[in-house]
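Before any comments, here is the structure.
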Amino acid sequence: MRALAMRKVALLVQTWLVLDFFGDARRDGRESSALSSAIFGQSFLAFALAAIVFEKGLPLERFAAINLSLSTLLLGVAALADPDREARRLADCQLFGTAPLGRVTLGLARAAHGLTRTALLALGMAIPPAVLCTFLGQGSLAVLPAYLLLAVLLAGLVSGALQIAVRAVARRFGSLQAALSAGTVRAILLGAGLAGFVLGLPALRTGRAALPLPASLVDLWPPFCAARWLADPQALDAALALAVCALLLLVLDAIVGDLVREERGGARRARSPFAWLDAKLAGEGPLRGVSTWTASMLFRSAAFRGRVLPLAGLPAAMLLLTFASEDRAGRELLLGVALQLPAMGMPFLVAFLPRAEQDGADLVFRTCPHGSRALAREGALLALATRVVLPLQLIAAPCLVVLDGSPTRALGLVGFSSGLAVFATAHALRALDAVAFTAIDDDPRGLELGALVPPTLLLAGLGAAYGSFADHAAAPLVAALVLAMAIRRLVISRRRSARTDA
C-alpha cells in the first residue's frame, strides 16, 4: 500500500510538472517551453546583475545578501504570476473528487511538486551568483552548494508565505479578490525590489549603515540572515531565525488550509463613481456598451490583472528614488520621465487586452450591427483613460504635492503626463483588431520591440523636457494645453467610433 501511494505521488508530480513546463506548448502547438524560457531568462538576469555588482575584495556577506534579496523577490513575484492558477485549482478539485487519493498522498504530492518547481526556478537564478561567491569565500567549494541550498530555502519561504496569504484572502473574500490582491502584491514587490536594489548598492562598500532602514528591520529580512550564516557558519542565531520562519509557515499553512469561500451572487453594488464620466464621454449607444464592457473586464479578468497590475509598481519606485536624490536639477528631469512610465507601459497593457476569459465571449458583439474596429478602439480608449490613467494620476498628484512641496509644479507635471498618456494609449490601440476580452488567440500582439523604441524615447524626452522647466511661469499653461487637447480627444471618441471599417 505504501508503494502504491508513492507511485500515485510520483504520477501526480510528473503530471503537474509536465503542465508547468509544456502546458502552453501542448495547447497552442508551440515548440518552446514557457517555464524553461523563464528559468533561462531569470538565470541570465541574475548573471548580469551579479556581474555588475561583483568586485574583488567585497565581503561575502554583502554580495550574497544583495543577490539573495534580488532572487527571493523575483521568485516571490513569479509565485504570484500564474493567472491560470484558479482554473488549474478547479480542474484539480474535479480530478481529486473522483480519484482514490488520501489526504496524506495528496498532501505529499502537492508538497513535492511545489518544492520541485520552486527549486528549479531558484537554482536557475542562484547558480551564477553562487559561482561568483566562491571567489569571495577564499575559494572554498563549500560556499557553492551552501548558497544554492539557501537560495532554494529562501525561495520556498517567500513563495510559501505569499501563497498562504493569497489563500487566506481567497478563503475570506473569494477568488476574485485574491487574484486582485496577488496582482497588487506583485506591483509592490517589483517596486520595492527596484528601489531596494538601487538603494542597496552603496551598502556593498560601506556596510549596513548606508541602508535607509533601521538595523532591527535589516536583521529581520531572511536573505540577510542567510547571507550572514553563509559568511559565518558559527552564526547560529541566523540559522535559528530561518528555522523559525520555516516552522511558522508550516503552522500558518495548516491553519489556512486550501479552502476557498463560496461565491454568493445577488449582492447589490454601489453605483460606480466613473459612471458619470462614461455617460458624458460615451453617451448612450454602442460606444457606451463597449467602454463599459472593457472597463468591467479590466477589473474582473484575473489574467489581465495578474499581468498588468505589477506595472504600476515601477513608477512608484521611480518616484521614491527620484525624491531620494539630492540633485535638484536631476530630480526634476527624472521626475518628468518617471511620470511618463504609465504611458510607456500602455503598449504592453494593450497587447494583453484582446484575450478572452472563455470561448464565446464575442457572441454579443458579433451580432451587433454597429461592430467595427473603430468602435472597439474608442471604447477601449475611454475605459483605459478613466479606469487606468485617471486613477494613477489622482494617486500621483497628492503624493507629488507632499513630496515636492509645490502644488503648482506638481499639478503641472500630473496634467502634462495625463495628457500624453491619453495620446499614447490612443496610439497603442491602433493594433487592436477586436473588442477587448473577446479574442480567443492567446498570443500577445503589438509587442514588436523595434516599433516600441521611438514612442518610448519620445515620451521620455517630452517628460524630461517638461520636468527641466517645470518651475517656469509658462509650464502650467503648457500642461493645461496638453490636458485640454487630451480631453478633446476623449470627447470626440463618440464621433470617431461611428466610422466603419474600410
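For this structure, a couple of remarks:
- Per-residue extension of 0.36 nm, minus the Cα-Cα distance of Glu284 and Val131, leaves a gain of 48.7 nm for this segment.
- Two-site FRET efficiency, Leu363 against Arg495, from Cβ-Cβ distance with R₀ of 30 Å, rounded to 0.05: 0.60
- The residues packed around Arg208, meaning those with a beta-carbon under 14 Å from its beta-carbon, carry a net charge of +1 if Lys and Arg are +1 and Asp and Glu are -1.
- Stokes-Einstein D (µm²/s) once Rh is taken as the Kirkwood radius of the range 101-181 over alpha-carbon pairs, at 37 °C in 0.692 mPa s: 222 µm²/s
- Average accessible area per residue (Å²) across the range 139-214 - probe 1.4 Å, nucleic acids and ligands excluded: 48 Å²
- Local electrostatic count, Val435, Cβ distance below 10 Å [Lys/Arg +1, Asp/Glu -1]: +1
- Packing-based order for 240-248, 188-196, using average beta carbon neighbours within 10 Å, highest first: 188-196, 240-248
- Exposure of Ile395 as accessible area (Å², to 10), given a probe of 1.4 Å and all protein chains: 110 Å²
- Taking other residues whose beta carbon is less than 9 angstrom from the beta carbon of Glu61, and scoring Lys, Arg as +1 and Asp, Glu as -1, yields +1.
The values are calculated or read from the model by the stated rules, or taken from the named source; none is laboratory data. Quick caveat: nothing in here was measured; it's all calculated off a predicted structure. When we count neighbours, we look across all protein chains shown, and the Cβ atoms used for this are built from the backbone with ideal geometry, even at glycine. These accessible areas exclude ligands, DNA and RNA; they are computed on the full protein's heavy atoms, side chains included. Shrake-Rupley method; radii C 1.70, N 1.55, O 1.52, S 1.80 Å.
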